[in-house]
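J.: One structure, as structure tokens, below. Some questions next.
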Amino acid sequence: MATVELRFSALPEHVRTARLVAAAVARRAGVDEAVLDEVRLAVGEACSRAVGLHQTSGVSAPVKVLLIEEEKQFSIEVGDEAPHAVPGDPASGHGDGDVEVDEDEMGLAVISGLVDDVEVTTGENGGQIRMTWPTTPPPTILV
């Protein structure tokens, strides 16, 4: 299992770099060329979401991206350290008309539309989006 770890300051201008790195590593891992645009878009959305959460929560920690190459699959984990609102819990600041929550849900919907295998975990100490794509092994060259 090969892993590339990327950490960047929670600034929107760094999201493009994360997208480019993710696409390059995904290509090398064997993700189908036809899916690379979806990888770029999903990573961009996940990283933009993490940047927004850090900025609105005043978190100075970097956004963390793990690019994980495993047998027959490639995964990307985008982690944030912002506290997340818990739906239905008035103490967590989650309101029915909360614009930030609506934007967050929209971003997650976009990611779910781009990635078949996506897991989202959230908590008081941050959250993570894990996206997984199948890979094809490189062709065997006989000499």
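What follows is calculated from the coordinates using simple rules that are stated; it is not laboratory data. Fair warning: this is a prediction, and the values are worked out from it, not measured in the lab. Counting neighbours? That spans all protein chains shown, and the Cβs are built from the backbone with ideal geometry, glycine included.
J.: Output yes when any residue across the range 39-46 is closer than 18 Å to M1 by Cβ and touching a residue at least 12 places away in the same chain (Cβ under 8 Å), and no when none is. Give the derivation first.
T.: So the first thing to find is which residues in the range 39-46 are closer than 18 Å to M1 by Cβ, and the list is none.
No, the range 39-46 has no match at all.
J.: Also, quick follow-up: Among the residues of the range 5-19, how many are part of a helix (DSSP H, G or I) and either out of contact with any helix residue (DSSP H, G or I) (no Cβ under 9 Å at 6 or more places or on another chain) or without any contact (Cβ under 8 Å) to a residue 12 or more places away in the chain (or both)?
T.: Going through the range 5-19 one residue at a time, the tally reaches 2.
J.: Starting from the range 54-68, keep only residues that are within 27 Å of V25 (Cα to Cα), then list their pairs with residues that are polar (S, T, N, Q) and surrounded by 16 or more Cβ atoms within 10 Å (Cβ to Cβ) whose Cβ atoms are within a distance under 7 Å, requiring at least 6 positions of separation or different chains.
T.: I68/S75
J.: Let me ask something else. Within the range 36-84, track down each residue that is acidic (D, E), more than 24 Å from E124 (Cβ to Cβ) and surrounded by 17 or more Cβ atoms within 10 Å (Cβ to Cβ).
T.: To start, the set of residues in the range 36-84 that are acidic (D, E) comprises 37-38, 45, 69-71, 77, 80-81.
Then drop every residue that is not more than 24 Å from E124 (Cβ to Cβ), which leaves 37-38, 69-71.
Within the range 36-84, E38, E69 qualify.
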